Amino acid sequence: SLMRGLPEDDPLHTQLMVLLNKAVNMLSSGDKRARSNTRRLLQDGLASLTGEMNHEITAVGHAHLDTAWLWPLSVTRLKMNHTTAIQLGMVERYPEYVFVHSQASQYEWLEKNQPEMLDRIRGAMKKGQWEAVGSMWVEADCNLTGSESLVRQFLYGRRWFQKKLGVTTEDMWLPDVFGYSAAIPQILTKFGIKYFLTQKLSWNDTNKIPHHTFLWEGIDGSRVWSHFPPADTYNASAEPKEIVESVRKFKDHGRSDHSLLLFGFGDGGGGPTEFHLERLRRARTMPGLPLIHKKTKALDFFRRASETSDDLNIWRGELYFELHRGTYTSQAENKKQNRLCEHLLRDAEWLSSFRGVGNGYPAEKLEEAWKLVLLNQFHDIIPGSSVNEVYRDSDADYAKVRQIGEEVIAEALQGFAGELEVPGGRSGLALFHNSSVPGQVEAPLGEGEEPVSFVVGPDRVPVQVIEDEDGRRAIFGTPESALGAVAVGAFSDKLPTISPLRLKAGPKRLENDQWKVKFDGNGHITSIESLDDHPVEFIRPGGLGNNFQLFEDLPRFWDAWDVDAFSFESWTDLIKAESFEVVEKGPVRAAVELVKKFGSSTIRQRISLGPTPGIRFDTWVDWHESHRMLKVAFPVNVHSQRAAFEIQWGHVERPTHQNTSWDVARFEVCCQRWFDLSEG
């Protein structure tokens, strides 16, 4: 009766509901002493409830310092010096105060530029007043960052904290990141990281996550204890009203009665001041406020709250952020360089591994390059939400990564050169197949080089010269082999004619032994037909595939961050092509090329069959538009309720419909390299 007389958002209402639920479960257990045990449960439980706030708060100082945002990295280094100096003074003046700071990269700046400050931090840590949190090299974006990179954020971050500060961090601290991959719980579990913290999802524009403390389950079933500070900010003012409201808003009373308060000036660093700390001193003795712990670290909170929480709800899959959807595409060149460098370093490590650790393995060079890649995965750099100067810096960083990676690869390949024998003693070429599936293998060509065929042992591999926006190069019929295969061969123009692959190219058709693709006069695809035993038409009747569409990009708030749903209510189809012609006819692949112009911009696209599986689209856009967004549409003849999207180390399924408000809000999504829309 008491429970029904309370509003549902009253914490006491939830506490009574949880207590009654436990009582019913105990009463229905069938135990002979169930009645007496249930009475005792109710008596003890009710005795612990009062009209006061039955809640505990751990308040830790925080200076959310964006590695870059409205300022470049050079300024952030000064901000780190400034923040550190202020907070070292605060911990001396307020012995009950604990300050937390994440991002191992920023501590490394101190080590290089202000080593005496780092020594003072170590002293504050010994007194229990300074805490390194977060485990990562930077507070990285979790959607665009590649699989290996996401793991290395923790590898380098934890290693630095262990080696230089003598602590093993147990948390993932990401208050301000724009969505969280469903791969993360698995990664954390494998690192032995037990706790996850964020606040950003309180910004969702349509649906609110229904929990503040819960278990987050990833794609492999791994679970991590998770907490969203209920003040819904990482820059709390520590005012009484804010503290009371944070307790009232807490969504998991009865399951967990302990929350974290992050207070202090942030984004540009700085952290708490006297005003914050004096308020908290008074709040600890103020009637009507919850218990606020003294000199308690974030790790103490995580451990205590996780041990005392009970019957927590479970959230399965990705934590999708219903805002800032434009960060999947802003600053496209920056995103492209990140991916190219991730793949380049992967190849550099793969080839160098054949040399062995004792034979000059370039560990220091590779770590230097990896740290630059990780640094630029910060959650305001790679999403494209920083000022222009930041991207001048990232261009220079990526250039350095490419230089290191290419040098390492050249050194590794040079080591192989003396060990490889070319058939017939001719001058040759070695192809290192760096994928686990067949694909297009290319080699750059110099002036005057005209390969006719390529001999690999007793076999002949077709070779074709192509020239497009990426330069002049040879492409080869790829070896049907796995990662690490080495094909050694020689160019030759004295071989008998090679029977070409089944490739056909005409003004309105491309065809090989798997696909028949038909076009209209403007390069739109009118038909994609499979040529297996049971042919299927993949373009919806009357539809046009490869249809470029131009949308207005005028979000309500932040240009660099957001794409709004109303942007997709109207658009312009870019119908007319300036040109559409056959540009390649084999023997390795056949291709057509189209050119379209709109506004002050130009699209050049080459569509080809073979040797890449499926239908390949190479698209170059010379972009000069403002407040416009370009997409390409394929009205496919596939009906499925869900589609699969690659994330780090796996995939997630997302609905293709808009049945619920959660589906409606997920109108713009990202993936790593592929998505799969299919039906049986």
Any pair with Cβ under 8 angstrom, 6 or more apart, that starts in the range 1-12 at a residue that is in a loop (DSSP other than H, G, I, E, B) and ends at one that is open to solvent by 70 Å² or more (accessible area, probe 1.4 Å) and modelled with pLDDT of 80 or more
3/17; 3/20; 9/248
Close pairs (6 angstrom Cβ cut-off, 6 or more residues apart or separate chains): open to solvent by less than 20 Å² (accessible area, probe 1.4 Å) in the range 158-180, in a strand (DSSP E or B) and at pLDDT 95 or above anywhere
161/132; 171/195; 172/196; 173/197; 180/319
In the range 380-395, what residues are part of a loop (DSSP other than H, G, I, E, B) and open to solvent by 10 Å² or more (accessible area, probe 1.4 Å)?
386, 387
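Let me confirm something: among 678, 601, which residue is in contact with a His (Cβ under 6 Å, 6 or more places away or on another chain) and of a type in the set (Ser, Thr, Tyr)? Give the derivation first.
Values: 678 fails: in contact with a His (Cβ under 6 Å, 6 or more places away or on another chain).
Every option except 601 fails the conditions.
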Evaluation of residue 329 against (1) surrounded by 15 or more Cβ atoms within 10 Å (Cβ to Cβ); (2) modelled with pLDDT of 95 or more (one fails), failing number:
(2)
If you go through 396, 410, the only one that is farther than 18 Å from residue 138 by Cβ and small (Gly, Ala, Ser) is 410
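Quick check on my filter: what residues within the range 162-176 are more than 17 Å from residue 195 (Cα to Cα) and in contact with a helix residue (DSSP H, G or I) (Cβ under 7 Å, 6 or more places away or on another chain)?
First pass over the range 162-176, keeping only residues more than 17 Å from residue 195 (Cα to Cα): 162-166.
164, 165 - these are the residues of the range 162-176 that are more than 17 Å from residue 195 (Cα to Cα) and in contact with a helix residue (DSSP H, G or I) (Cβ under 7 Å, 6 or more places away or on another chain).
Does the range 1-33 hold any residues that are hydrophobic (A, V, I, L, M, F, W, C) and either loosely packed, with under 14 Cβ neighbours inside 10 Å or under 30 Å from residue 246 (Cβ atoms) (or both), and which are they?
The first filter runs over the range 1-33 and keeps only residues hydrophobic (A, V, I, L, M, F, W, C), leaving 2-3, 6, 12, 16-20, 23-24, 26-27.
Matches in the range 1-33: 2, 3, 6, 12, 16, 17, 18, 19, 20, 23, 24.
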Which of the residues belonging to the range 83-104 are among the polar types (S, T, N, Q), within 16 Å of residue 166 (Cα to Cα) and touching a residue at least 60 places away in the same chain (Cβ under 8 Å)?
102
Hits in the range 266-278 (condition: of a type outside the set (Gly, Ala, Ser), within 22 Å of residue 202 (Cβ to Cβ) and surrounded by 19 or more Cβ atoms within 10 Å (Cβ to Cβ))
272, 276
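Being touching a residue at least 12 places away in the same chain (Cβ under 8 Å) and more than 22 Å from the chain's Cα centre (by Cα) is the filter; apply it to the range 639-661 and report the residue that is surrounded by the most Cβ atoms within 10 Å (Cβ to Cβ). Lay out the reasoning, then the answer.
From the range 639-661, those touching a residue at least 12 places away in the same chain (Cβ under 8 Å) are 639-652, 654-657, 661; that's our starting set.
Okay, now just the ones that are also more than 22 Å from the chain's Cα centre (by Cα), so 639-641, 657, 661.
On the way: 639: 9, 640: 16, 641: 10, 657: 10, 661: 11.
Going through the qualifying residues, I end up with 640.
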Pairs, please: C-beta under 8 Å, at least 6 apart or cross-chain, first residue within 15 Å of residue 84 (Cα to Cα) and in the range 120-147, second of a type in the set (Lys, Arg) and surrounded by fewer than 24 Cβ atoms within 10 Å (Cβ to Cβ)?
129/295; 131/297
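Would you be able to say whether some residue in the range 202-209 is touching a strand residue (DSSP E or B) at 6+ places or on another chain (Cβ under 9 Å) and either aliphatic (A, V, I, L, M) or modelled with pLDDT under 95 (or both)? Quick ask: steps written out before the conclusion?
First pass over the range 202-209, keeping only residues touching a strand residue (DSSP E or B) at 6+ places or on another chain (Cβ under 9 Å): 209.
Among the residues that remain, those that are also either aliphatic (A, V, I, L, M) or modelled with pLDDT under 95 (or both) are: 209.
Among the residues of the range 202-209, at least one is touching a strand residue (DSSP E or B) at 6+ places or on another chain (Cβ under 9 Å) and either aliphatic (A, V, I, L, M) or modelled with pLDDT under 95 (or both), which makes the answer yes.
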When the residues of the range 183-227 are narrowed to those that are free of Cβ contacts under 8 Å to residues at least 40 places away in the same chain and farther than 21 Å from residue 155 by Cβ, which ends up most open to solvent (accessible area, probe 1.4 Å)?
208
Count of the range 537-559 residues which are over 28 Å from residue 637 (Cβ atoms), touching a strand residue (DSSP E or B) at 6+ places or on another chain (Cβ under 6 Å) and loosely packed, with under 14 Cβ neighbours inside 10 Å
0
Mind checking whether some residue in the range 585-604 is of a type in the set (S, T, N, Q), touching an Asp or Glu at 6+ places or on another chain (Cβ under 7 Å), open to solvent by less than 20 Å² (accessible area, probe 1.4 Å) and free of Cβ contacts under 8 Å to residues at least 40 places away in the same chain?
yes
Matching residues, the range 166-176, being under 17 Å from the mean Cα position of the chain (by Cα) and either outside any loop (DSSP other than H, G, I, E, B) or closer than 17 Å to residue 147 by Cβ (or both)
172, 173
Take the residues in the range 347-358 that are in a helix (DSSP H, G or I) and surrounded by fewer than 16 Cβ atoms within 10 Å (Cβ to Cβ), then tell me which one is modelled with the lowest pLDDT.
357
Looking only at the range 64-86, and only at residues there that are of a type outside the set (Ser, Thr, Tyr) and touching a Phe, Trp or Tyr at 6+ places or on another chain (Cβ under 7 Å), the one that is nearest to residue 378 (Cα to Cα)
68
Exactly one of 344, 277, 323 is in contact with a strand residue (DSSP E or B) (Cβ under 9 Å, 6 or more places away or on another chain), at pLDDT 95 or above and among the hydrophobic types (A, V, I, L, M, F, W, C), and that one is 277
Give all pairs with beta carbons closer than 9 Å in which a residue from the range 362-390 that is more than 21 Å from residue 176 (Cα to Cα) meets a residue that is outside any helix (DSSP H, G or I) and of a type in the set (Gly, Ala, Ser); count only pairs at least 6 apart in sequence or on separate chains.
389/68
Do any strands (runs of 3 or more DSSP E) entirely within the range 478-560 hold 3 or more residues that are touching a Lys or Arg at 6+ places or on another chain (Cβ under 9 Å) and modelled with pLDDT of 95 or more, and if so, which?
509-511, 515-519, 525-530, 547-552
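Matching residues to (1) at pLDDT below 70; (2) in contact with a helix residue (DSSP H, G or I) (Cβ under 9 Å, 6 or more places away or on another chain); (3) open to solvent by less than 60 Å² (accessible area, probe 1.4 Å):
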| site | (1), (2), (3) |
| --- | --- |
| 418 | yes, no, no |
| 422 | yes, no, yes |
| 426 | yes, no, no |
| 441 | no, no, yes |
| 446 | no, no, yes |
Residues (farther than 21 Å from residue 568 by Cα and among the aromatic types (Phe, Trp, Tyr)) located in the range 659-674:
674
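Give 636, 669, 621, 664 a once-over and let me know the one that is surrounded by 13 or more Cβ atoms within 10 Å (Cβ to Cβ) and over 25 Å from the mean Cα position of the chain (by Cα).
Details: 669 fails: over 25 Å from the mean Cα position of the chain (by Cα); 621 fails: over 25 Å from the mean Cα position of the chain (by Cα); 664 fails: over 25 Å from the mean Cα position of the chain (by Cα).
Answer to the check: 636.
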Considering only the range 286-297, I want to know if a residue exists there that is surrounded by fewer than 20 Cβ atoms within 10 Å (Cβ to Cβ) and without any contact (Cβ under 8 Å) to a residue 24 or more places away in the chain.
yes
Which one of the conditions (1) more than 21 Å from residue 626 (Cβ to Cβ); (2) acidic (Asp, Glu); (3) open to solvent by less than 30 Å² (accessible area, probe 1.4 Å) does residue 562 fail to meet, given that it meets all the rest?
(1)
Specify the residue that is farthest from the chain's Cα centre (by Cα); the eligible residues are those in the range 360-379 that are open to solvent by less than 30 Å² (accessible area, probe 1.4 Å) and not aliphatic (A, V, I, L, M).
362
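The values are calculated or read from the model by the stated rules, or taken from the named source; none is laboratory data. These figures come from a predicted structure and were not determined experimentally. Note: ideal-geometry Cβ built from the backbone for every residue, glycine included; neighbour counts use all protein chains shown. All accessible areas refer to the heavy atoms of the entire protein, side chains included, with ligands and DNA or RNA removed. Shrake-Rupley method; radii C 1.70, N 1.55, O 1.52, S 1.80 Å.
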